[in-house]
Amino acid sequence: MSDSEVTGRAHDQGDLDFHIQPIAPAVIAKLAATRAMARETRASDPLAAEAANYQYTIAPNDVLLVMVWDHPELTLPAGSFRGPEDNGLAVHADGTMFYPYVGLVPVAGKTVLQVRELLVRGLEKVIENPQVSVRVALFRGKRVEVTGEVRTPSTLPISDIPLRVSDAIVRAGGLVPESDPAHVTLMRGGKAYLLDMTSLYEEGDLKQNWLLIDGDVVHVADRSRSQVFVFGEVKKPGTKPMSRGRMSLAQALGDAEFFDFATMQPTGVYVLRDQAGKPAIYRLDASSADALIMAANFHLAPRDVVFVAANDLARYNRVMSHILPTVTGIWQVWDMVTRGGAIVR
């Protein structure tokens with residue numbers, strides 16, 4: 001199928017919004033610049049500034065451990081057979097904690113240093129210069145979920161160490177062969193944000209490694225949405241999964257066991273792409289000396305369709321293969337009728 005035939009069919013259907021672009025160095029460079037611009041416009045971590053000075057704030061259900069030096073009566077006894085829940089003070093659902101001589105202390109949303117200051121001010125009424133230390137013994141108040149294609153989907157606590165998307169994936173066992181790190185969805189506050197973790201792993205793009213907060217859900221997609229389709233005059237047509245969201249035209253053709261040289265049209269290797277609802281068509285001239293270099297440098301996008309057209313002889317043979325059985329049948333019927341007529345006479 002020639003370019004004029006494809007364009008002519010588009011005109012017949014009333015679609016004049018696209019034209020066929022030859023796969024050449026200038027086109028490849030333009031597409032590379034478009035990808036680079038898309039990377040620059042990715043959504044950055046809105047909590048990047050906060051992450052630089054991260055401090056954990058206490059939440060309901062956390063367990064705090066409070067020690068007042070030289071006053072063991074105010075410190076819960078610790079023992080080798082007692083866990084943090086037994087030794088510490090649980091924060092109530094309303095965000096308060098009870099402490100002797102101080103009463104109910106509002107601790108939710110505060111750092112351990114701020115809680116320490118509240119306890120010191122309360123104890124100064126009964127103790128001269130109280131020496132108080134506060135720490136979180138058990139982090140139970142803030143959690144995130146990691147789902148999808150990870151080894152152990154989990155609910156993870158947020159602690160005093162900043163938890164980022166990459167950290168959560170690692171703590172959930174890491175990626176599996178079916179993972180697509182280029183499509184990681186972060187659900188926060190009823191909104192979904194698409195993160196490309198491949199850019200972090202391969203390019204060091206820290207903008208994609210968001211700081212997680214309470215209630216976040218990290219979902220690692222599978223490779224079903226990162227695939228291309230190869231049809232036409234190839235030895236093994238079908239759906240080809242992309243590796244980490246990446247695949248070149250040469251790789252797609254290689255996975256299809258390359259061309260069927262007996263039936264292919266060397267100048268008719270097409271890539272069809274949906275760009276914002278409008279089709280974009282790229283053509284590779286496989287008869288040129290640098291065709292394989294162009295194919296290796298042409299990066300496919302998810303859901304691209306690669307089509308290798310048939311040559312004129314192959315199309316003629318296929319048309320004839322449909323016509324000949326009908327013609328042969330008609331000839332046989334005619335021959336039987338004429339022979340029968342001759343016998344009757």
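Each reported figure results from applying straightforward, stated rules to the coordinates on display, with no laboratory input. These figures come from a predicted structure and were not determined experimentally. Cβ coordinates were reconstructed from backbone atoms using ideal geometry, including for glycine residues, and neighbour counts include every protein chain displayed.
Here are the numbers for the structure shown:
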| item | result |
| --- | --- |
| Size of electric dipole in the chain: Cβ of Lys, Arg +1 and of Asp, Glu -1, about Cα centre, debye, nearest 20 | 720 debye |
| ³J(HN,Hα), Karplus 6.51/-1.76/1.60, whole Hz, each residue of the range 124-134, x for Gly, Pro | 4, 6, 10, 10, 7, 6, x, 9, 10, 10, 10 |
| Leading residue at positive end of dipole, the chain (Cβ point charges), from 289, 59, 321 | 321 |
| Fewest-first ranking of 330, 20, 158, 58, using other Cβ atoms within 10 Å as the exposure measure | 330, 20, 158, 58 |
| FRET efficiency, residue 231 to residue 53 (Cβ-Cβ, R0 41 Å, nearest 0.05) | 0.15 |
| Ranked 334, 210, criterion: other C-beta atoms within 10 Å, fewest first | 334, 210 |
| Sequence-distant lysines (8 or more away, or on other chains) whose Cα lies within less than 20 Å of residue 207 | 191 |
| Within the range 20-51: backbone nitrogen closer than 20 Å to the residue 171 label point (7 Å, Cα to C-beta) | 45-51 |
| Percent of Cα-Cα distances greater than 24 Å, calculated over the range 183-326 | 47 percent |
| Under 5 Å, built H, 5+ apart or other chain: amide partners of residue 90 | 64 |
| Among 28, 293, 213: highest mean-square fluctuation, GNM of the chain, C-alpha pairs under 10 Å | 293 |
| Calculated log₁₀ intensity ratio I(q)/I(0) where the Debye formula runs over C-alpha points of the chain, q = 0.12, 0.14 Å⁻¹ | -0.95, -1.13 |
| With Cα atoms, 0 to 90° folded angle of helix 312-344 axis to the chain main axis | 50 degrees |
| Those trypsin sites (Lys or Arg not before Pro) in the range 30-71 that DSSP places in a loop and that have at most 14 other beta carbons within 10 Å | 42 |
| Longest DSSP-loop-exposure-free segment, GluC sites (Glu not before Pro), the chain, at most 16 other Cβ within 10 Å | 1-123 |
